[in-house]
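This report concerns only the one structure given below.
None of the figures in this text is laboratory data; all of them are computed from the coordinates on show. Since this is a predicted model, take the numbers as computed values, not measurements. Cβ sites come from the backbone with ideal geometry, for glycine too, and all protein chains shown count toward neighbours.
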Amino acid sequence: MTQLLVLLVRFAIIIVGYAAAALAASGFLHAILLGRAQAELGSGPDGLGAWTVSTLFVALLVSYYAFIPSIAAILFGEFSRRREWLYYAVCGGAIAAAVAALLYGVDQGAAASPADRPILPLLGAGIVGGVVYWAVCGRSAGRWRDRAELNAPERSGS
């Protein structure tokens with residue numbers, strides 16, 4: 001029973017970490033793409049509400065598009081006990097590149113300037129999201145397996 005409770009708590013922590021990563025990626029996209037105009041818009045009470053709603057909406061889109069590849073990265077991280085921030089940052093960048101290729105096509109090199117390529121802000125958002133996921137729950141990835149091995153009864157050999 002206690003192992004089931006440990007797994008349920010870990011699952012809840014993973015959901016919170018994924019939500020925090022999506023919010024951080026959305027905030028990064030807002031800061032990069034809207035920048036100063038967003039800051040000036042958010043100076044009044046109406047602007048702050050608009051910024052909040054926009055950030056939450058983009059976080060929903062981020063979490064929707066990144067869900068399936070994120071499950072693979074999270075499961076691999078949990079079962080292989082990956083606890084280093086670089087793994088989650090690289091996975092976030094790779095997931096962002098996959099989403100950018102899915103949304104905008106593979107041929108993004110024909111843009112006139114690097115600022116016109118949508119992959120660059122998405123890569124940054126993916127890396128930020130990966131690091132935030134690591135900060136929330138990636139640092140303790142696989143600890144539930146350590147507890148399960150400690151609680152498992154030992155088998156007698158021959």
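Estimated at 0.36 nm per residue, the fully extended path between Ile71 and Thr52 surpasses their Cα-Cα distance by 4.2 nm. Counting neighbouring Cβ atoms within 10 Å and putting the fewest first, the residues Arg143, Arg10 line up as Arg143, Arg10.
Each label point was placed 7 Å from the Cα along the Cα-to-Cβ direction; for Leu8 and Leu86 their separation is 3.9 nm.
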